[in-house]
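Right, one structure below, let's go through it.
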Amino acid sequence: MSIEGAEGDTDAGAEPPGRHRRRAGASPQGRPAAEYSEQAGGRKSRGGGRRRRPSFWKELPLLIVVALLLTFLIQTFVAKVYVIPSGSMETTLHGCDGCNNDRVLVDKISFRFTDPAPGDVVVFRGPDSWNSEITVQQPSNLLVRGLQQLGSLVGLAPPDEKDFVKRVIAVAGQTVQCCDSRGRLLVDGQPLNEPYVYFLPGTGTKQDVFGPITVPPGQLWMMGDSRNNSADSRAPNHGPVPVTNVIGKARLIVLPFARFGWISAVDPHSTAVGMAPAGAGLPGGSSAPLALGLLGTLPFAFGRRRLQKRDAELSEFLPLPTSSLRKNR
């Protein structure tokens, strides 16, 4: 075969690989496959491509509904913020005219397992015979009224005028009366130590005389810390409050931030002035400190035991000292 014939065969035959080879998907006329997709009008399978996520503004109404639902459930069954609009609990809780009304967090779970005790600050629904200490004027504008009701859910507006906050003084079966020769309340004939009591300037420290009154079963005797500025169980047509009316225990002052802190539940029946009774606030009474001390020693006991076990394991593999070997011979 001549050189000329070989070259002619090369020109007439297949193209050299890698130079003008037709690409995969190219048309016989040399047009790229992308042109076919354009001619087809961009038709694509419905199942192909990434699905677009819904925009934030479409999800926002659902988020608001969920937030409101969670807020309602939490404040109905767990805890709720209440406004203190009256000065009946001064100075434990501020609520007088010209003051920043305190917002308190009320625990609704504790009293599902235990009963209110003397010294607890509680929020309760006033019985029908109780007169309100405040007057909440309903706005005439429906929009403003709706916003006010919404704000009351989170403690930003005045609560129901029939909700009260007081301190438990006596429980069912106890007899309460006022007062002894030193102006102190008596429960079952014993004077109470009440460091939380406050008297408005100019009103004196003498309390209204009443009793003796025995608290009926299932009820509580309530009184305000501002002793001469509180419409409580002493007031005419008031009397004891059913335990079932108790909403919860006031635990924490959340607003204003300057007064943020826990609300103390001082037991007025304690014998030591300014001190809580032995074991108060701890489960198990006076045995609680001992139990806590024993629990505190457990980590040290376990740590020492692990060290002893590790030393015993090492002694099995390490050679004995020379002195020990001489004794064993």
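No lab work stands behind these numbers, since they all come straight from the coordinates. Since this is a predicted model, take the numbers as computed values, not measurements. Heads up, the Cβs are rebuilt from the backbone with ideal geometry, glycines too, and the neighbour counts pull from every protein chain shown.
Would you mind putting 77-89, 231-243, 194-206 in packing order, based on average other-beta-carbon counts within 10 Å, highest first?
The densest-packed peptide leads the list: 77-89, 231-243, 194-206.
Could you tell me which of rounded, prolate or oblate describes segment 183-270, using a ≥ b ≥ c as the square roots of the eigenvalues of the alpha-carbon gyration tensor, with rounded for a/c under 1.5 and, failing that, prolate when a/b is larger than b/c and oblate otherwise?
It is oblate, given that a/c is not under 1.5 and a/b is not larger than b/c.
Once you order the gyration tensor axes a ≥ b ≥ c over the Cα atoms, which shape class does segment 73-124 get: rounded for a/c under 1.5, otherwise prolate or oblate by comparing a/b with b/c?
The shape class here is oblate.
Go through 162-170, 105-113 and give me the packing order, highest mean Cβ count within 10 Å leading.
Packing order, densest peptide first, comes out as 162-170, 105-113.
Given LYS108/LYS162; LYS58/LYS80; LYS58/LYS108, which pairs have Cα atoms separated by over 26 Å?
Check vs 26 Å cut-off fails for LYS58/LYS80; LYS58/LYS108.
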